[in-house]
Amino acid sequence: MLSRISCTLLAACIILCMALSCKHDDAKSVTPISESSGYPTDVANIIVTRCAIAGCHNQASYGNADSLLLDTWDHMFNGDNSGAVVVPYWPQYSPLLYFVNTDASLGPILSPTMPYEGRAPLLSKDEYTMLKNWIAAGAPDKNGNIPFASGAATRQKIYALTNDYGLDLLAVIDAQKKVIMRYIKVGADDANPELGHDLAASSDGTFLYESFVTGSVMQKVDMLNDAPLATANLGGLGWALLCLKPDNSRIMVSNWISGGSVVSVNTAGMTVDPANTYNGLQYPHGIRSNPTFDTFFVTASNGNCIYRCFDPLISHPTLISLNGHTATDAPTNPAENLGPHAIWMAPDYSKYFVTCQNSNEVRVMDGHADTLIAVIPVGTYPQEIESSTSPATPYLFVTCRQDYSAATPNGNIGSLYVINYQTMKVIKVINGDFREPHGVTVDNQNNLVYVLSLNIDGPPQHHAVKNYRDGWYSIIDVKTLAPYNTKRYELQANPYECAARF
């Protein structure tokens with residue numbers, strides 16, 4: 001029989017053990033793994049303990065693991081060398097899931113399966129589903145904060161139209177991290193691709209407008225909340241380029257067909273204004289206006305001329321020759337088909353620049369006399385043209401989709417020509433990581449140029465999970481005219497046009 005003292009000592013030991021045990025549990029609950037990582041606890045238990053480990057995606061080794069750092073929630077949204085790995089609300093376009101999935105019935109699978117080479121247990125079906133549901137809910141941090149949701153009024157963003165072979169999408173790129181932060185489903189027909197063609201952003205950063213070349217609508221997007229807002233029914237097909245009035249009250253859109261038109265839309269109600277619509281044009285495409293938005297310059301894309309359309313409407317616009325020959329929008333001589341594509345107006349409206357895709361030139365016209373003042377040879381098949389707004393860098397950036405030279409990196413095609421619009425001289429040819437570059441925009445807040453590569457017949461992509469090739473965007477530094485980095489930021493297929501918010 002135990003003595004009373006022995007019983008007392010035994011009880012004390014039991015209480016002490018219980019206290020130590022409780023203290024240990026409390027310590028774990030006060031500083032769970034998510035406290036330092038920022039992930040919710042269940043997500044951290046997978047990402048931090050199975051991915052952000054030695055030899056993989058931690059601080060010491062991520063440089064050799066596609067530059068993907070997963071030790072914290074914030075670092076995850078820096079992405080890897082191929083761009084975003086998680087896009088909030090869009091698990092189907094979050095490549096992280098492709099590499100941790102082992103069951104094709106749950107979603108796409110890409111090799112190598114992660115965690116890599118048995119360094120940690122593979123994810124179970126329940127763990128994968130939990131991650132997928134977390135991303136579908138916006139991939140919040142441990143406090144419920146959604147990535148990229150703060151600072152909506154001032155956040156700088158780049159928008160890129162793309163097409164997932166049936167699903168028309170607008171990719172939203174965060175200008176700080178440079179990765180895709182959202183996708184927006186756009187268009188009016190969920191059953192058929194409408195092929196977004198052009199974008200125009202309001203000067204106040206509130207609304208974005210988009211046209212569709214195989215659709216019958218123009219759409220208005222809320223850039224604060226990244227959501228479709230309103231649709232204008234234009235009828236027919238072939239809606240191409242946009243020109244937005246400086247006060248954002250009216251937008252013109254070209255109808256890129258034979259016998260096409262330039263339609264005026266009141267942006268407040270997204271209604272067509274027939275009184276200011278120009279009809280009977282031949283494949284009208286690029287469009288710019290004078291400062292008072294009552295005269296419009298429109299490229300006749302199968303001719304050697306542009307249309308000068310006056311407001312109020314007259315019976316037929318004036319044809320302006322781009323080569324000094326008789327102006328024609330339907331030439332019988334193929335040599336007269338310069339293929340005028342896009343048009344850019346100088347800030348002082350003294351001259352305008354026209355890319356001519358068939359003659360591989362940029363032609364410069366006097367903005368008052370409508371006469372040719374310069375011909376600038378550029379690369380093969382020049383397409384879009386955008387500018388820097390800084391007086392220190394008076395540059396035009398022209399994508400030349402089919403350009404190829406000895407300087408073109410192996411496996412690439414296309415170039416970016418840089419023109420000083422004051423001297424009207426080419427100052428640099430950038431033969432970067434391009435494959436059929438088309439869309440281009442300038443982030444004038446950060447002095448960066450975004451270039452979209454269509455990659456229609458190029459290399460398969462790192463994140464590709466379908467039978468077609470996704471495109472990508474590259475970033476160029478405006479000040480140095482050199483690549484901003486060596487990353488290839490992947491998009492969905494056919495990334496066609498882009499625009500900066502501010």
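The values are calculated or read from the model by the stated rules, or taken from the named source; none is laboratory data. Only a predicted model underlies this, so the values are computations on that prediction, with no experimental measurement involved. A quick note on method: Cβ atoms are made from the backbone with ideal geometry, for glycine too, and the neighbour counts reach across all protein chains shown. Ligands, DNA and RNA are stripped out before the accessible areas are found, and what is left, the full protein with its side chains, is counted by its heavy atoms. Shrake-Rupley method; radii C 1.70, N 1.55, O 1.52, S 1.80 Å.
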Which length gain, in nm to one decimal place, applies between T231 and D103 when the Cα-Cα distance is subtracted from 0.36 nm times their residue separation? 42.1 nm
Treating segment 131-289 as a set of equal point scatterers at the Cα positions, no solvent, please give the Debye-formula log₁₀ I(q)/I(0) at q = 0.08, 0.09, 0.13 Å⁻¹. -0.26, -0.32, -0.63
Which whole-number percentage describes the relative contact order of segment 177-289, with Cα contacts under 8 Å and a sequence gap of 6 or more? 18
With a 1.4 Å probe and all protein chains left in place, how much accessible area per residue does segment 208-257 have, in Å²? 32
Would you kindly work out the equivalent ellipsoid of segment 371-502 from its C-alpha gyration tensor and give its semi-axes, the square roots of five times the eigenvalues, largest first in whole Å? 25, 17, 13
Just grab the label-to-label distance for L224 and S405, each label 7 Å out from Cα along the Cβ direction, in nm (one decimal). 4.7
Along each principal axis, Cα extent of segment 273-358, largest first, Å: 35, 29, 18
Any chance you could look up the accessible area of D168 with a 1.4 Å probe, heavy atoms only, rounded to 10 Å²? 0
Accessible surface of segment 51-155 [probe 1.4 Å, protein heavy atoms]: carbon and sulfur percent: 52
Count charges around N337 for me, please; just the other residues with Cβ under 14 Å from its Cβ, Lys/Arg as +1, Asp/Glu as -1. -2
The local net charge around T399, scoring Lys/Arg +1 and Asp/Glu -1 for residues other than T399 whose Cβ lies under 12 Å from its Cβ, equals -3
If you count only protein heavy atoms and use a 1.4 Å probe, how large is the accessible surface of Y62, to the nearest 10 Å²? 70
Starting from the alpha-carbon convex hull of segment 41-149, give the projected area averaged over all orientations, in nm². 6.2
I'd like the orientation of helix 125-136 relative to the chain: the angle between its Cα long axis and the longest Cα principal axis, in ° from 0 to 90, rounded to 10. 50
Extension length gain for T154 and N266 (0.36 nm per residue less Cα distance), in nm, is 37.8 nm
For the chain, take the longest principal axis of its alpha carbons; what is the angle in degrees between that and the long axis of helix 4-30, to the nearest 10 within 0 to 90? 0
Measure up K220/K487; K132/K178; K157/K177; K177/K479 against 21 Å on the Cα-Cα distance and list the ones that go over. K220/K487; K132/K178
Dimensions (Å) - segment 326-416, Cα atoms, principal axes, largest first: 44, 43, 16
What whole-number value in cubic angstrom gives the convex hull volume per residue for the C-alpha atoms of segment 104-150? 117
Per residue, accessible area of segment 400-448 with a 1.4 Å probe, heavy atoms of protein chains only, in Å², comes to 40
What does the extension gain come out to for A137 and L122, with contour length at 0.36 nm per residue minus their alpha carbon separation? 3.1 nm
Reachable aspartates and glutamates from K428, Cα under 18 Å, same-chain residues fewer than 8 places away excluded? E361, E384, E386, D403, D477
With a ≥ b ≥ c the root eigenvalues of the C-alpha gyration tensor of segment 403-468, is it rounded (a/c under 1.5), prolate (a/b larger than b/c) or oblate? oblate
As a test question: what accessible area, to the nearest 10 Å², does F397 have when a 1.4 Å probe is rolled over all protein chains in place? 0
State the percentage of accessible surface on segment 217-311 attributable to carbon and sulfur atoms; use a 1.4 Å probe and exclude ligands, DNA and RNA. 53
Please compute the contact order of segment 311-425 in relative form: average sequence separation of alpha-carbon pairs under 8 Å and at least six residues apart, divided by the residue count, as a percent. 16
Would you mind getting me the FRET efficiency between V375 and T486? Use the beta-carbon distance for r and R0 = 30 Å, nearest 0.05. 0.30
For the chain, calculate the relative contact order in percent as a whole number, restricting contacts to Cα pairs under 8 Å that are 6 or more residues apart. 9
Net charge near G432, counting Lys/Arg +1 and Asp/Glu -1 over other residues with Cβ under 14 Å of its Cβ? +1
For segment 358-502, the accessible surface attributable to carbon and sulfur atoms (probe 1.4 angstrom, ligands and nucleic acids excluded) amounts in percent to 48
Reported to two decimal places, what Rg/Rh ratio describes the chain when computed on Cα atoms with Rh from the Kirkwood expression? 1.11
Based on the Kirkwood radius over alpha-carbon pairs, what is the Stokes-Einstein translational diffusion coefficient of segment 207-347 at 25 °C with 0.890 mPa s viscosity, in µm²/s? 160
